[in-house]
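What follows is a single structure, written as structure tokens, with notes after it.
The values are calculated or read from the model by the stated rules, or taken from the named source; none is laboratory data. None of the values given here were measured: they were computed from a predicted structure. Glycine also receives a Cβ, built like all others from the backbone with ideal geometry; neighbour counts cover every protein chain displayed.
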Amino acid sequence: MATISIERLLDTCIKRGASDLHLHVGRPPTLRLHGRLRPLETKVLDADDTKALMKAITPERNQQEIQEQGGTDFAFEFRGAGRFRTAVFMQRGKLSLTLRLIPSRLFSFEEIGLPTIVKSLCRRPRGMFLVTGPTGSGKTTTLATMIDYVNERFDKHIITIEDPVEYYHGHKKSMVNQREVGVDVPSFSEALRRALRQDPDVILVGELRDLETIESALRAAETGHLVFGTLHTTSAQGTVTRIVDQFPVNQQEQIRIQLASSLIAVLCQTLLPRQDTRGRIAAFEFMVVTNAIANLVRENKVYRIPSSIQTGKKFGMQLLDDHLLQLFGQGKVSEEDVVDNSQNPAEMRDKMEGVRSGRIVIHKGTADNGVSVSELRK
């Protein structure tokens, strides 16, 4: 029986522009192409296939971890064409693999569609900038773009803490040290504690996954460092709430005060399949922490954050639903994808009907002004 070559599968993934490769028993190798799963026209994998494919790419220490814990994560370089972030796990007693392609090329702000004001926020000497969104929404790529922007233009010491290291950053105008959790350091929180003794200017925390890591990141932002981090939240309001709720009730007032003084911006994003061309397009919610928003955080009035974002377009702020509506109005994304990704699906359907009828007008905004939506009154 013909064997399946991991090299050919990885090469196919890169050539077709897929974001992920899935290798599961009982199914042919499957690509995620422009957000949709597409099986390859090849044999259905059996247990021996996935075991052989796993052994072809997995380091010894990770194979040991599979034996001990039932799964492992790592990243590897493939022929200089890209890196693959790999998750190997057991399911129903058999091995499965999911490989995410991390492009070797770093993107520009313009290619990703980031608000122009993000560049000026990357110049800040201190504070916390959070990039949030569901898994697979492009957070890693956005953060890599920001780190590369700092690296090219400023003489800073940048430390990244990742699990695993995905995009590689060479030393440019800045110095960049990339630490991998599980290889270079045991945990995010331990890496953050140690980082503060390594004379950093900028710290990237791959994931703020527990209370100790969040606490350490806040302390780093307060003590004069620019901290980038990620959370799996889908709105600016939800991001603030998630951080505060991580702490015991008796600490939450103090955390709100710390967050109000340290947080500089929250960028929430999601990726949607494009209708006009192949590929995907990002939709953003963007909040810059002005004095007014800092006061809402401090006074536990986060329910008013969406209103402040709507009135803050001169700072480049915009709500996710307004950006989704803009993309729909431009014919770039489908109605179904907009509704599925919106914060308020019922309200979004009504707004899309308003766009079609001309009752609602979308103001695109300038490079510094976010999207805004207005309803024409009779």
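When ARG356, ARG274, ARG298, ARG278 are screened for being buried (at least 17 other Cβ atoms within 10 Å of the Cβ) and farther than 19 Å from VAL131 by Cα, only ARG274 passes. Within segment 325-348, can one find any residue that is free of Cβ contacts under 8 Å to residues at least 60 places away in the same chain, buried (at least 17 other Cβ atoms within 10 Å of the Cβ), among the hydroxyl-bearing types (Ser, Thr, Tyr) and not in a helix (DSSP H, G or I)? Looking through segment 325-348, at least one residue is free of Cβ contacts under 8 Å to residues at least 60 places away in the same chain, buried (at least 17 other Cβ atoms within 10 Å of the Cβ), among the hydroxyl-bearing types (Ser, Thr, Tyr) and not in a helix (DSSP H, G or I). In segment 164-201, the residue that is surrounded by the most Cβ atoms within 10 Å (Cβ to Cβ) out of those that are of a type in the set (S, T, N, Q) and either more than 19 Å from LYS139 (Cβ to Cβ) or in contact with a helix residue (DSSP H, G or I) (Cβ under 9 Å, 6 or more places away or on another chain) (or both) is SER189. LEU114 falls short of the stated requirement of being of a type outside the set (Lys, Arg) and either under 21 Å from SER5 (Cβ atoms) or assigned by TED's automatic domain parsing to the domain that holds LEU31 (or both). Got at least one residue in segment 299-314 being in a strand (DSSP E or B) and at pLDDT 95 or above? No, every residue in segment 299-314 fails to be in a strand (DSSP E or B) and at pLDDT 95 or above. Only one of the numbered conditions (1) buried (at least 16 other Cβ atoms within 10 Å of the Cβ); (2) closer than 15 Å to CYS13 by Cα; (3) at pLDDT below 95 is violated by ARG79, and that is (1). Any residue at all in segment 54-69 that's crowded, with 18+ Cβ neighbours inside 10 Å, small (Gly, Ala, Ser) and in contact with a helix residue (DSSP H, G or I) (Cβ under 7 Å, 6 or more places away or on another chain)? Looking for residues that are crowded, with 18+ Cβ neighbours inside 10 Å, small (Gly, Ala, Ser) and in contact with a helix residue (DSSP H, G or I) (Cβ under 7 Å, 6 or more places away or on another chain), one finds none in segment 54-69, hence no. Looking across segment 72-97 at every residue that is under 18 Å from the mean Cα position of the chain (by Cα) and aliphatic (A, V, I, L, M), the one that is nearest to ASP184 (Cα to Cα) is identified as ALA75.
Among the numbered criteria (1) closer than 28 Å to CYS122 by Cα; (2) of a type in the set (Gly, Ala, Ser); (3) at pLDDT below 85, which one does GLY358 miss? Evaluating GLY358 over (1) closer than 28 Å to CYS122 by Cα; (2) of a type in the set (Gly, Ala, Ser); (3) at pLDDT below 85 leaves (1) as the failure. Of the residues making up segment 54-101, those that are under 19 Å from LEU37 (Cβ atoms) and touching a Pro at 6+ places or on another chain (Cβ under 9 Å) number 2. Filtering segment 105-160 to residues that are of a type in the set (Lys, Arg) and touching a Leu at 6+ places or on another chain (Cβ under 7 Å) leaves ARG124, ARG126.
Pairs are defined by a Cβ separation below 8 Å, a sequence spacing of at least 6 or placement on different chains, a first member in segment 47-69 that is in contact (Cβ under 8 Å) with a residue 40 or more places away in the chain and over 19 Å from LEU10 (Cα atoms), and a second member that is outside any helix (DSSP H, G or I) and charged (D, E, K, R); the pairs so defined are ALA47/LYS94. The conditions of being in the same structural domain as MET317 (by TED's automatic domain parsing) and crowded, with 16+ Cβ neighbours inside 10 Å are met by THR145.
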